[in-house]
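The values are calculated or read from the model by the stated rules, or taken from the named source; none is laboratory data. Everything numeric here is computed off the predicted structure, so don't read it as measured data. Using ideal geometry, Cβ is built from the backbone for each residue, glycine included, and neighbour counts are taken over all protein chains shown.
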Amino acid sequence: MTEKRFLALILGLFILVGFTYAWTTPVFEASDELWHYPMIRHLADGNPLPVQVFDPAEAGPWKQEASQPPLYYYVGAALTFWIDTSD
């Protein structure tokens with residue numbers, strides 16, 4: 001087996017396992033999805049990036065995710081701003 005085919009096989013298996021994990025894991029059951037979603041919702045509602053605080057009691061519903069690079073959250077907000085979450 002050539003090196004390129006072996007690499008393609010490894011990459012294909014990785015993608016297959018990743019999609020299988022994403023498909024079979026229930027919503028908000030992943031390790032920190034519970035904290036990523038409020039951050040995306042915060043931005044989708046038109047709010048700015050939250051101010052960083054060092055007091056865990058005042059960290060907001062997004063907890064430590066407010067300190068992550070914001071591109072993921074802005075893309076998530078742009079893709080989900082239209083979803084009604086008022087219930």
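Just one of Thr80, Thr2 is touching a residue at least 24 places away in the same chain (Cβ under 8 Å) and among the β-branched types (Val, Ile, Thr); which is it?
Thr80
Based on what the data block shows, is Phe6 at pLDDT 90 or above, more than 19 Å from the chain's Cα centre (by Cα) and of a type in the set (Phe, Trp, Tyr)?
Yes, satisfied.
Would you say Pro50 is of a type outside the set (Gly, Ala, Ser) and surrounded by 12 or more Cβ atoms within 10 Å (Cβ to Cβ)? Steps first, answer last, please.
Details: of a type outside the set (Gly, Ala, Ser): yes; surrounded by 12 or more Cβ atoms within 10 Å (Cβ to Cβ): yes.
Against the criterion (of a type outside the set (Gly, Ala, Ser) and surrounded by 12 or more Cβ atoms within 10 Å (Cβ to Cβ)), Pro50 qualifies.
Report, by residue number, each residue of segment 28-41 that is closer than 22 Å to Phe81 by Cβ, of a type outside the set (A, V, I, L, M) and modelled with pLDDT under 90.
Phe28, Asp32, Glu33, Trp35, His36, Tyr37, Pro38
Within segment 1-39, which residues are farther than 27 Å from Ala78 by Cα and among the charged types (D, E, K, R)?
Glu3, Lys4, Arg5
Being outside any helix (DSSP H, G or I) and out of contact with any Lys or Arg (no Cβ under 6 Å at 6 or more places or on another chain) is true for just one of Gly12, Gly46, Gly18. Which residue is that?
Numbers: Gly12 fails: outside any helix (DSSP H, G or I); Gly18 fails: outside any helix (DSSP H, G or I).
Going through Gly12, Gly46, Gly18 in turn, the sole match is Gly46.
Which residue, of Thr25, Thr20, Thr80, is out of contact with any Ser or Thr (no Cβ under 6 Å at 6 or more places or on another chain), surrounded by 10 or more Cβ atoms within 10 Å (Cβ to Cβ) and at pLDDT below 85?
Thr25
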